[in-house]
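Okay, structure first, notes after.
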Amino acid sequence: MEDKPGSCAAGLLLLLGFLSSAHADTLLSAPLNVTITDIEVNSAMVTWEISEGDPVIGFAITQQKKDARMLRFIQEVNTTTRSCALWDLDEDTEYFVHVQSISMGGSSPPSEPVLFRTSKESEKQASKSPDEVTMEEVGQDAQLRAGELIIIVVVLIMWAGVIVLFCRQYDIIKDNEPNNNKDKAKNSSECSTPEHPRGGILRSNV
(Lines give C-alpha, C1' and ligand atoms only; values in the text may rest on other atoms or scores of the structure.)
Protein backbone atom coordinates (compact mmCIF):
# COMPACT_ATOMS: atom_id res chain seq x y z
CA MET A 1 0.00 0.00 0.00
CA GLU A 2 2.90 2.36 0.57
CA ASP A 3 3.93 2.11 -3.09
CA LYS A 4 0.66 3.66 -4.33
CA PRO A 5 1.72 7.34 -4.12
CA GLY A 6 4.86 6.64 -6.10
CA SER A 7 3.04 4.65 -8.74
CA CYS A 8 0.38 7.38 -9.06
CA ALA A 9 3.03 10.05 -9.49
CA ALA A 10 4.79 8.01 -12.13
CA GLY A 11 1.52 7.46 -13.98
CA LEU A 12 0.71 11.18 -13.85
CA LEU A 13 4.12 12.04 -15.26
CA LEU A 14 3.67 9.56 -18.10
CA LEU A 15 0.25 11.04 -18.88
CA LEU A 16 1.61 14.59 -18.90
CA GLY A 17 4.49 13.53 -21.10
CA PHE A 18 2.11 11.87 -23.57
CA LEU A 19 -0.15 14.91 -23.68
CA SER A 20 2.77 17.29 -24.15
CA SER A 21 4.23 15.16 -26.94
CA ALA A 22 0.82 14.92 -28.64
CA HIS A 23 0.41 18.70 -28.38
CA ALA A 24 3.89 19.19 -29.79
CA ASP A 25 3.00 16.99 -32.77
CA THR A 26 0.08 19.28 -33.66
CA LEU A 27 2.22 22.41 -33.70
CA LEU A 28 3.24 23.67 -37.15
CA SER A 29 6.20 25.74 -38.19
CA ALA A 30 5.63 28.94 -40.11
CA PRO A 31 6.10 28.57 -43.89
CA LEU A 32 9.64 29.19 -45.13
CA ASN A 33 11.15 31.03 -48.10
CA VAL A 34 8.00 32.96 -48.99
CA THR A 35 8.64 34.50 -52.41
CA ILE A 36 6.66 36.68 -54.81
CA THR A 37 7.12 35.88 -58.49
CA ASP A 38 5.49 36.67 -61.85
CA ILE A 39 4.62 40.21 -60.75
CA GLU A 40 2.32 41.85 -63.28
CA VAL A 41 0.16 44.98 -63.37
CA ASN A 42 -2.84 43.31 -61.69
CA SER A 43 -1.53 39.94 -60.49
CA ALA A 44 1.35 38.09 -58.86
CA MET A 45 2.28 34.61 -57.65
CA VAL A 46 3.30 33.73 -54.06
CA THR A 47 5.30 30.54 -53.36
CA TRP A 48 6.60 29.02 -50.12
CA GLU A 49 8.05 25.92 -48.49
CA ILE A 50 7.14 23.97 -45.35
CA SER A 51 9.21 22.19 -42.73
CA GLU A 52 9.72 18.51 -43.36
CA GLY A 53 7.30 16.34 -41.42
CA ASP A 54 4.65 18.99 -40.81
CA PRO A 55 1.15 17.47 -41.32
CA VAL A 56 -0.01 20.27 -43.57
CA ILE A 57 -3.41 19.95 -45.26
CA GLY A 58 -3.80 23.49 -46.58
CA PHE A 59 -2.73 27.12 -46.42
CA ALA A 60 -4.00 30.58 -45.58
CA ILE A 61 -2.75 33.82 -47.12
CA THR A 62 -3.28 37.32 -45.82
CA GLN A 63 -2.87 40.12 -48.37
CA GLN A 64 -2.87 43.80 -47.41
CA LYS A 65 -2.07 47.08 -49.09
CA LYS A 66 0.81 48.90 -47.47
CA ASP A 67 -1.15 52.11 -46.87
CA ALA A 68 -4.57 50.58 -46.17
CA ARG A 69 -6.25 48.57 -43.44
CA MET A 70 -8.38 46.39 -45.67
CA LEU A 71 -7.26 42.74 -45.77
CA ARG A 72 -7.89 39.94 -48.22
CA PHE A 73 -7.88 36.45 -46.75
CA ILE A 74 -7.36 33.42 -49.00
CA GLN A 75 -7.69 29.92 -47.56
CA GLU A 76 -7.60 26.49 -49.16
CA VAL A 77 -7.59 23.05 -47.53
CA ASN A 78 -7.19 19.46 -48.73
CA THR A 79 -4.33 20.51 -50.99
CA THR A 80 -0.59 20.02 -51.13
CA THR A 81 0.13 23.00 -53.34
CA ARG A 82 2.84 25.43 -52.29
CA SER A 83 1.81 28.37 -54.45
CA CYS A 84 -1.14 30.69 -54.92
CA ALA A 85 -2.07 33.36 -57.47
CA LEU A 86 -2.90 36.85 -56.22
CA TRP A 87 -5.37 38.58 -58.52
CA ASP A 88 -7.31 41.81 -58.91
CA LEU A 89 -4.37 43.89 -57.65
CA ASP A 90 -4.02 47.61 -58.23
CA GLU A 91 -1.42 48.95 -60.61
CA ASP A 92 1.83 50.29 -59.10
CA THR A 93 0.78 49.45 -55.52
CA GLU A 94 2.70 47.95 -52.60
CA TYR A 95 1.31 44.88 -50.79
CA PHE A 96 2.23 42.84 -47.72
CA VAL A 97 1.72 39.07 -47.79
CA HIS A 98 1.71 36.55 -44.91
CA VAL A 99 1.39 32.78 -45.35
CA GLN A 100 0.21 30.23 -42.77
CA SER A 101 0.11 26.44 -42.91
CA ILE A 102 -3.06 24.60 -41.86
CA SER A 103 -3.27 21.15 -40.23
CA MET A 104 -6.02 19.15 -38.54
CA GLY A 105 -4.97 20.71 -35.24
CA GLY A 106 -5.01 24.34 -36.36
CA SER A 107 -2.86 26.93 -38.09
CA SER A 108 0.82 27.73 -37.92
CA PRO A 109 2.20 31.13 -36.96
CA PRO A 110 2.26 33.53 -39.91
CA SER A 111 5.39 33.76 -41.99
CA GLU A 112 7.56 36.84 -42.09
CA PRO A 113 5.78 39.56 -44.11
CA VAL A 114 6.88 39.94 -47.71
CA LEU A 115 6.56 43.32 -49.42
CA PHE A 116 6.19 43.69 -53.18
CA ARG A 117 4.97 46.28 -55.68
CA THR A 118 2.88 45.62 -58.76
CA SER A 119 4.07 46.81 -62.15
CA LYS A 120 3.05 49.84 -64.16
CA GLU A 121 1.33 49.35 -67.48
CA SER A 122 3.74 51.78 -69.14
CA GLU A 123 6.75 49.94 -67.73
CA LYS A 124 5.40 46.62 -68.93
CA GLN A 125 4.95 47.94 -72.46
CA ALA A 126 8.39 49.56 -72.42
CA SER A 127 10.05 46.37 -71.19
CA LYS A 128 8.82 44.47 -74.22
CA SER A 129 11.39 44.16 -76.96
CA PRO A 130 10.25 44.74 -80.54
CA ASP A 131 10.88 41.09 -81.36
CA GLU A 132 8.96 39.77 -78.35
CA VAL A 133 5.66 38.23 -79.34
CA THR A 134 3.23 36.77 -76.81
CA MET A 135 0.81 33.92 -77.50
CA GLU A 136 -2.09 36.37 -77.28
CA GLU A 137 -0.57 38.59 -79.95
CA VAL A 138 0.09 35.56 -82.15
CA GLY A 139 -3.56 34.56 -81.80
CA GLN A 140 -4.73 38.07 -82.67
CA ASP A 141 -2.46 38.17 -85.73
CA ALA A 142 -3.78 34.80 -86.87
CA GLN A 143 -7.37 36.01 -86.51
CA LEU A 144 -6.60 39.20 -88.45
CA ARG A 145 -4.92 37.25 -91.24
CA ALA A 146 -7.82 34.82 -91.42
CA GLY A 147 -10.26 37.75 -91.66
CA GLU A 148 -8.19 39.41 -94.38
CA LEU A 149 -8.00 36.13 -96.28
CA ILE A 150 -11.78 35.72 -96.16
CA ILE A 151 -12.30 39.28 -97.44
CA ILE A 152 -9.84 38.72 -100.30
CA VAL A 153 -11.54 35.46 -101.31
CA VAL A 154 -14.99 37.09 -101.25
CA VAL A 155 -13.76 40.00 -103.41
CA LEU A 156 -12.16 37.61 -105.91
CA ILE A 157 -15.37 35.58 -106.15
CA MET A 158 -17.38 38.78 -106.76
CA TRP A 159 -14.97 39.90 -109.48
CA ALA A 160 -15.12 36.46 -111.10
CA GLY A 161 -18.92 36.65 -111.09
CA VAL A 162 -18.83 40.10 -112.69
CA ILE A 163 -16.43 38.92 -115.39
CA VAL A 164 -18.54 35.83 -116.17
CA LEU A 165 -21.68 37.96 -116.37
CA PHE A 166 -19.96 40.44 -118.67
CA CYS A 167 -18.75 37.65 -120.97
CA ARG A 168 -22.23 36.19 -121.20
CA GLN A 169 -23.75 39.57 -122.04
CA TYR A 170 -21.04 40.16 -124.62
CA ASP A 171 -21.71 36.79 -126.27
CA ILE A 172 -25.45 37.52 -126.38
CA ILE A 173 -24.84 40.92 -127.98
CA LYS A 174 -22.42 39.42 -130.48
CA ASP A 175 -24.83 36.64 -131.41
CA ASN A 176 -27.63 39.16 -132.01
CA GLU A 177 -25.55 41.38 -134.34
CA PRO A 178 -26.13 39.30 -137.58
CA ASN A 179 -29.87 39.20 -136.96
CA ASN A 180 -29.90 42.96 -136.42
CA ASN A 181 -27.98 43.52 -139.67
CA LYS A 182 -30.45 41.34 -141.57
CA ASP A 183 -33.39 43.21 -140.10
CA LYS A 184 -31.83 46.54 -141.00
CA ALA A 185 -31.21 45.42 -144.59
CA LYS A 186 -34.78 44.15 -144.91
CA ASN A 187 -36.23 47.36 -143.55
CA SER A 188 -34.11 49.51 -145.86
CA SER A 189 -35.21 47.51 -148.92
CA GLU A 190 -38.87 47.83 -147.99
CA CYS A 191 -38.59 51.60 -147.56
CA SER A 192 -36.81 52.24 -150.92
CA THR A 193 -38.70 53.73 -154.03
CA PRO A 194 -40.40 51.02 -156.16
CA GLU A 195 -39.11 50.53 -159.69
CA HIS A 196 -41.31 51.62 -162.67
CA PRO A 197 -41.52 50.08 -166.13
CA ARG A 198 -39.08 51.44 -168.67
CA GLY A 199 -40.39 54.13 -170.98
CA GLY A 200 -43.33 54.92 -168.79
CA ILE A 201 -44.15 58.42 -167.68
CA LEU A 202 -45.10 59.10 -164.14
CA ARG A 203 -47.71 61.83 -163.97
CA SER A 204 -49.33 63.36 -161.06
CA ASN A 205 -52.92 64.43 -160.94
CA VAL A 206 -53.35 68.17 -160.66
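So here's what we get for this one:
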item	result
Solvent exposure of region 49-88 as accessible area per residue, Å², 1.4 Å probe	69
Inter-label distance, nm, simple model (7 Å from Cα along the C-beta direction), ASP54/VAL164	7.4
Euclidean distance of C-alpha centroids, region 32-101 and region 107-122, integer Å	7
Amide H contacts of THR93 (H built 1.01 Å from N, under 5 Å, at least 5 apart or other chain)	THR118
Cβ-Cβ FRET estimate between VAL77 and ASP38, R0 fixed at 30 Å, reported to 0.05	0.80
Length released on extending from GLU148 to LYS66, taking residue separation times 0.36 nm less the Cα-Cα span	24.7 nm
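The values are calculated or read from the model by the stated rules, or taken from the named source; none is laboratory data. The shown structure was predicted, so the numbers you read here are calculated from the model rather than taken from an experiment. Please note: Cβ atoms are built from the backbone with ideal geometry, for glycine as well, and neighbour counts cover all protein chains shown. The protein model used for the area step is the full one, side chains on, heavy atoms only, and it has no ligands, DNA or RNA in it. Shrake-Rupley method; radii C 1.70, N 1.55, O 1.52, S 1.80 Å.
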